[in-house]
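Notes to accompany the following structure.
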Amino acid sequence: MIRLEHVSKNYKTSTRPALDDVSVDMDKGEFVFLIGPSGSGKSTFLRLLLREEVPSKGKLYVNNFDITRMSRRRIPRLRQSIGCVFQDFRLLVNKTVAENVAFALEVIGKPSHTIKKVVPEVLELVGLDGKANRMPNELSGGEQQRVAIARAFVNRPLMLLADEPTGNLDPDTSQDIMLLLERINRTGTTVLMATHDHSIVDSMRRRVVELAFGRVIRDDARGVYGVGR
Amino acid sequence: MRFSFVLSEVLTGLRRNVTMTVAMILTTAISLGLLGGGLLVVRMIDHMRDNFGDEVEVNVYLNKDISGTDKGCTAQPCAGIKSALEQDANVEETRYENQDEAFERFKRVFSGQPELLDLTRKEALPGTFHLKLKNPDRANVIVQTYSNKPGISSVEDQGIFLERFFGVLNGVRNATWVVAAIQAIAALLLISNTIQVSAFTRRTEVGIMRLVGATRWYTQLPFLLEAVVAGLVGAVLAVAGLVGIKGIFVDNVLAEPISAGIIPKIEMLDIFWPVAPILVAVAILISAITGYVTLRLYVRT
Ligand SMILES: Nc1ncnc2c1ncn2[C@@H]1O[C@H](COP(=O)(O)OP(=O)(O)OP(=O)(O)O)[C@@H](O)[C@H]1O
Ligand SMILES: [Mg+2]
């Protein structure tokens with residue numbers, strides 16, 4: 001599903017590698033937390049999986065795509081197999097909830113009868129039925145993140161990448177979002193979530209991969225945020 | 001491919017920045033209009049070459065004395081000149097036009113200008129031998145051989161005048177094209193700039209499109225089409241402008257030389273075929289290439 005073999009990433013403008021000789025395997029259906037202090041390389045890790053960036057060294061496989069050797073023409077196929085959510089939601093402010101979700105399908109050429117069918121389904125899954133015609137600025141932060149998750153999941157991706165999805169939310173709302181991500185994980189979707197949130201990681205007891213200065217310093221099958229620190 | 005999606009993106013894109021779109025369209029239209037004007041001049045020269053081509057004549061003008069007295073060309077030296085011309089190896093055909101006939105033709109050609117007719121006496125017009133040459137390039141030989149013969153006032157090679165006139169027209173054409181090229185540069189920069197602004201305003205959308213796996217068709221085609229649509233509208237305006245200028249300006253100003261058959265009329269048909277399709281093709285090609293290059297250089301895929 002995800003396999004990194006001695007992957008390093010050097011940004012041109014930076015002297016220190018953002019990722020340094022990282023080797024990790026993640027299987028289908030896993031739920032993995034990616035933790036580490038600010039600047040440790042979590043977002044870089046996720047960007048490599050999306051091929052927003054290319055590794056400077058090493059081999060990288062995602063959903064059977066050989067990221068280091070694939071042609072640019074195949075990138076859309078890769079990304080269609082991955083859903084993403086971010087701390088800042090990234091919704092289109094001039095579109096309704098339903099339109100935001102539909103947008104993700106329109107731009108990959110899905111027929112409109114499919115869109116009409118699956119958008120209400122996924123809105124119900126994330127608990128937003130009844131709010132389909134609201135604008136994003138008429139929603140709470142938690143609800144906006146649900147829209148973003150619906151948009152990421154509507155095409156039934158093989159994996160969901162979340163870069164600090166609860167970073168802008170209060171603890172209760174964060175808990176709701178985590179329940180939603182667990183629900184999505186139970187459908188067989190791999191979930192990889194970068195986070196700073198101690199309590200979430202500690203309460204879920206899932207696999208934890210910890211980065212520091214671009215290196216993997218810990219990989220626990222049922223980990224907590226900070227052992228002995 | 002969902003065309004309705006791409007189309008609505010294009011229209012919102014063009015509406016979003018109306019001032020820039022208008023500037024882009026007008027500059028493109030002016031550039032294309034000038035290009036079209038130059039093409040029409042080329043058409044005109046071609047028509048004239050066709051019309052006059054084989055008929056370019058060398059005219060041998062008789063002097064006043066003979067023109068006035070020997071209208072039948074029976075006495076010397078007129079008869080001698082006539083037989084010499086008819087036997088000249090370079091001459092294919094000799095046609096004699098006496099003063100009366102010359103005046104009749106003059107009246108016909110300038111029927112639209114009574115003032116000129118009033119001013120011109122028949123006696124001012126010379127009797128003329130109109131020569132058709134086997135090889136028009138030998139015209140200067142004829143001019144040299146006959147210019148100083150007794151009874152001849154002058155020998156005139158029409159081809160030289162025609163070529164001079166063509167030279168002027170070619171100059172006009174070149175000048176139009178130079179201005180067209182300068183305008184085209186302005187149009188290119190505007191198109192490129194509009195696309196960049198458009199891509200910047202839509203960066204959130206495009207970012208999401210890229211993340212969810214939209215192909216380049218979806219992320220970039222709207223920008224490309226924005227440029228092409230603007231180019232097309234520019235081409236249509238340019239054609240409309242040419243039709244307008246032809247109808248209001250050229251037809252009136254050049255009415256007389258046109259009706260006299262000296263300058264061929266620019267037909268509507270000349271504008272619609274082949275000039276209009278050429279302008280449309282140029283517009284599409286240039287805006288598409290500019291758009292493509294801009295996207296390649298400035299907009300992340
Ligand atoms: N586009 C970039 N160009 C140059 N350097 C970058 C770029 N993106 C990230 N970096 C550098 O790479 C390192 C890792 O950054 P990254 O964003 O992956 O960290 P992070 O773990 O996500 O941090 P945070 O928790 O603050 O989001 C940092 O030192 C950062 O300065
Ligand atoms: Mg980050």
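The values are calculated or read from the model by the stated rules, or taken from the named source; none is laboratory data. Just so it is clear, the structure is predicted and the values come from calculations on it, not from any experiment. Using ideal geometry, Cβ is built from the backbone for each residue, glycine included, and neighbour counts are taken over all protein chains shown. Side chains are part of the model used for accessible areas, which takes the heavy atoms of the whole protein and leaves out ligands, DNA and RNA. Shrake-Rupley method; radii C 1.70, N 1.55, O 1.52, S 1.80 Å.
Restricting attention to segment A:96-109, the residues that are more than 8 Å from chain B (Cβ to nearest Cβ) and modelled with pLDDT under 95 add up to 0.
Collect the residues in segment A:213-229 that are open to solvent by less than 10 Å² (accessible area, probe 1.4 Å) and under 20 Å from A:E5 (Cα atoms), keeping them in residue-number order. Answer for segment A:213-229, where residues must be open to solvent by less than 10 Å² (accessible area, probe 1.4 Å) and under 20 Å from A:E5 (Cα atoms): just A:G214.
Within the set A:R3, A:R47, the sole residue that is modelled with pLDDT of 95 or more, under 30 Å from A:L179 (Cβ atoms), within 16 Å of ligand 2 (Cβ to nearest atom) and not β-branched (V, I, T) turns out to be A:R47. Does A:D129 satisfy being more than 14 Å from chain B (Cβ to nearest Cβ), in a helix (DSSP H, G or I) and open to solvent by 50 Å² or more (accessible area, probe 1.4 Å)? So A:D129 does not fit the description; no. Scan segment A:160-181 for residues that are away from ligand 1 (no atom under 16 Å from the Cβ) and either within 13 Å of another protein chain (Cβ to nearest Cβ) or open to solvent by 40 Å² or more (accessible area, probe 1.4 Å) (or both) and the total you get is 7. Tally time: how many residues in segment B:221-252 are in contact with a helix residue (DSSP H, G or I) (Cβ under 7 Å, 6 or more places away or on another chain), within 30 Å of B:R296 (Cα to Cα) and either more than 14 Å from chain A (Cβ to nearest Cβ) or open to solvent by less than 20 Å² (accessible area, probe 1.4 Å) (or both)? Within segment B:221-252, residues that are in contact with a helix residue (DSSP H, G or I) (Cβ under 7 Å, 6 or more places away or on another chain), within 30 Å of B:R296 (Cα to Cα) and either more than 14 Å from chain A (Cβ to nearest Cβ) or open to solvent by less than 20 Å² (accessible area, probe 1.4 Å) (or both) number 16. The residue of segment B:262-273 that is surrounded by the most Cβ atoms within 10 Å (Cβ to Cβ), among those that are free of Cβ contacts under 8 Å to residues at least 60 places away in the same chain and within 21 Å of B:F166 (Cα to Cα), is B:K265.
In segment A:198-212, the residue that is nearest to ligand 2 (Cβ to nearest atom) out of those that are open to solvent by 30 Å² or more (accessible area, probe 1.4 Å) and farther than 19 Å from A:E30 by Cβ is A:H198.
Within segment B:183-207, residues that are within 14 Å of chain A (Cβ to nearest Cβ) reach partners that are in a helix (DSSP H, G or I) and open to solvent by 70 Å² or more (accessible area, probe 1.4 Å) with beta carbons closer than 9 Å, at six or more positions or on different chains, in the pairs B:T201/B:R16; B:R202/B:R16. For segment B:50-77, which residues satisfy the criterion of being assigned to a helix (DSSP H, G or I) and open to solvent by less than 50 Å² (accessible area, probe 1.4 Å)? Within segment B:50-77, B:G53, B:I66, B:S67, B:G68 qualify. In the set A:R151, A:R186, only one residue is in contact (Cβ under 8 Å) with a residue 40 or more places away in the chain and open to solvent by 10 Å² or more (accessible area, probe 1.4 Å); that residue is A:R151. Of all the criteria given as (1) within 14 Å of another protein chain (Cβ to nearest Cβ); (2) touching a Pro at 6+ places or on another chain (Cβ under 7 Å); (3) modelled with pLDDT of 85 or more, the one not satisfied by B:Y61 is (1). The residues of segment A:84-118 that are open to solvent by 50 Å² or more (accessible area, probe 1.4 Å) and part of a loop (DSSP other than H, G, I, E, B), listed by number, are A:Q87, A:D88, A:R90, A:V93, A:N94, A:K110, A:P111. Would segment A:72-83 turn up any residue that is at the interface with another protein chain (Cβ under 10 Å from one of its Cβ atoms), open to solvent by less than 60 Å² (accessible area, probe 1.4 Å) and under 25 Å from A:K131 (Cβ atoms)? Among the residues of segment A:72-83, at least one is at the interface with another protein chain (Cβ under 10 Å from one of its Cβ atoms), open to solvent by less than 60 Å² (accessible area, probe 1.4 Å) and under 25 Å from A:K131 (Cβ atoms), which makes the answer yes.
Among the residues of segment A:22-48, not one is more than 10 Å from ligand 1 (Cβ to nearest atom), out of contact with any strand residue (DSSP E or B) (no Cβ under 7 Å at 6 or more places or on another chain) and polar (S, T, N, Q). For segment B:244-258, does any single residue satisfy the condition of being in contact with a Leu (Cβ under 6 Å, 6 or more places away or on another chain) and either assigned by TED's automatic domain parsing to the domain that holds B:R16 or polar (S, T, N, Q) (or both)? So far as segment B:244-258 goes, no, none of its residues is in contact with a Leu (Cβ under 6 Å, 6 or more places away or on another chain) and either assigned by TED's automatic domain parsing to the domain that holds B:R16 or polar (S, T, N, Q) (or both). Restricting the search to helices (runs of 4 or more DSSP H) fully inside segment B:193-301 and requiring at least 3 residues that are charged (D, E, K, R) gives B:203-211.
For segment B:29-46, the set of residues classified as within 10 Å of the chain's Cα centre (by Cα) and in contact (Cβ under 8 Å) with a residue 60 or more places away in the chain consists of B:L35, B:G36, B:G37, B:G38, B:L39, B:L40, B:V41, B:V42, B:R43, B:M44, B:I45, listed by residue number.
Checked against the criterion of being within 13 Å of chain B (Cβ to nearest Cβ) and within 22 Å of B:R203 (Cα to Cα), segment A:56-66 contains not a single residue that satisfies it.
Report, by residue number, each residue of segment B:96-126 that is under 33 Å from the mean Cα position of the chain (by Cα) and open to solvent by 90 Å² or more (accessible area, probe 1.4 Å). Selection gives B:E104, B:R105, B:R108, B:E115.
The residue list A:P17, A:P37, A:P55 contains one member that is open to solvent by 40 Å² or more (accessible area, probe 1.4 Å) and of a type outside the set (V, I, T), which is A:P37. Scanning segment A:27-82 for residues that are assigned to a loop (DSSP other than H, G, I, E, B), among the small types (G, A, S) and closer than 24 Å to B:M209 by Cβ returns A:S71, A:S81.
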